[in-house]
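I have placed the structure first, in the form of structure tokens, so that the comments after it can refer back to it.
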Amino acid sequence: MKIAIVDNDRAWLKNLLDIISDKDDINYFSSNKEFGKVSIKGYDIIFIEYNLPGKFTGEQIARAIEGKTDATVALMGKNYDWISQNIVTNGHIQAVLDKNKPNQFTKFLESIHNTHIIRGYFGEAMEELNKMKQAIM
């Protein structure tokens, strides 16, 4: 999977890299300005720190990219209870993950990976059905 991480906390980055598979293609951005310079279309997952320094919060960045990517977007922060749970249910943001609870990241990544596998199998099955349909016609 192709993963973007937008976070200025380099110490946390090591923890996240320990959780993410070595097989994944990971791009790290230390600011929203850096992230804003790249094409986001190819990402499967985009992790965004909620409390980024600068003009925009992670939530505002996630809202800004809504409709511009098919990636799963997750906000992350420490002690995220202060982040409104309404964020998750409104729009493009699929998860709010607590950096102090690495098991949340592990479960989240496993669920996204399994979703990609299922989509792959479904896509292959649809291709086979289309081949059979063409053969019959």
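Where a number appears in this text, it was derived from the coordinates with a stated rule and is not lab data. Quick caveat, the model's predicted, so the values are computed rather than measured. So basically every Cβ, Gly included, is an ideal-geometry build from the backbone, and we count neighbours across all protein chains shown.
Miscellaneous remarks
- For residue 18, the shell of other residues with beta-carbons less than 13 Å away shows a net charge of 0, using +1 for Lys and Arg and -1 for Asp and Glu.
- Formal net charge of residues neighbouring residue 7 (Cβ-Cβ distance under 12 Å; K, R +1; D, E -1): +1
- Nonlocal amide H pairs with residue 52, under 5 Å, H built at 1.01 Å: 58
- Proximal lysines to residue 37, defined as alpha-carbon separation beneath 28 angstrom and excluding residues fewer than eight positions away on the same chain: 2, 14, 23, 55, 68, 78, 99
- log₁₀ of I(q)/I(0) at q = 0.14, 0.17, 0.20, 0.21 Å⁻¹ - the stretch 2-112, Debye sum with one point per alpha carbon: -0.49, -0.75, -1.10, -1.24
- Summed side-chain charge close to residue 36 - residues other than residue 36 whose Cβ falls under 15 Å, Lys, Arg +1, Asp, Glu -1: +2
- The stretch 1-17 residues near the modelled residue 56 label - backbone nitrogen below 16 Å, point 7 Å along Cα→Cβ: 4-8
- Residue 103-residue 33 pseudo-label distance in nm [points 7 Å out on the Cα-to-Cβ vector]: 4.0
- Look at the Cα gyration tensor of the stretch 1-46: its axes a ≥ b ≥ c give a/c of at least 1.5 with a/b at or below b/c, and that counts as oblate.
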